[in-house]
Amino acid sequence: MASRLYGYFLMCWKNGTVTESQLQTAVSKGYITQSEYEEITSTPQETATV
């Protein structure tokens, strides 16, 4: 079962509104697990089209 904030952080990662450092802080605070961090950061981020 995913952590309560997993979906939120995944969405933020895809949108580019959260950094790896911020995700590591989320891990240290227990918001997401280390394995979820690794899964999120391995997900491609969306690129902005102008």
**Request:** Give the angle, between 0 and 90 degrees and rounded to the nearest 10, that separates the Cα long axis of helix 6-15 from the longest principal axis of the Cα atoms of the chain.
**Result:** 20 degrees
**Request:** May I ask you to compute the full-extension gain from MET11 to SER42, defined as 0.36 nm times their residue separation minus their alpha-carbon distance, rounded to one decimal in nm?
**Result:** 9.9 nm
**Item:** the chain: relative contact order in percent, alpha carbon pairs under 8 Å with at least 6 residues between
**Value:** 46 percent
**Fill in**
Filtering trypsin sites (Lys or Arg not before Pro) in the chain by DSSP loop and by at most 12 other Cβ atoms within 10 Å leaves ARG4, LYS29
**Prompt:** What length, rounded to one decimal in nm, is gained on full extension from GLN34 through to MET1, with 0.36 nm per residue of separation minus their alpha-carbon distance?
**Reply:** 10.5 nm
**Request:** Rank these by accessible area, largest first, 1.4 Å probe: GLU36, GLU46, GLU20.
**Result:** GLU46, GLU20, GLU36
**Asked** Rounded to a whole number, what % of the accessible area of the chain do carbon and sulfur atoms account for, probe 1.4 Å?
**Response** 52 percent
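The values are calculated or read from the model by the stated rules, or taken from the named source; none is laboratory data. Everything quoted here is computed from the prediction, not taken from an experiment. Please note: Cβ atoms are built from the backbone with ideal geometry, for glycine as well, and neighbour counts cover all protein chains shown. What goes into the accessible areas is simple: the full protein's heavy atoms, side chains included, and nothing from ligands, DNA or RNA. Shrake-Rupley method; radii C 1.70, N 1.55, O 1.52, S 1.80 Å.
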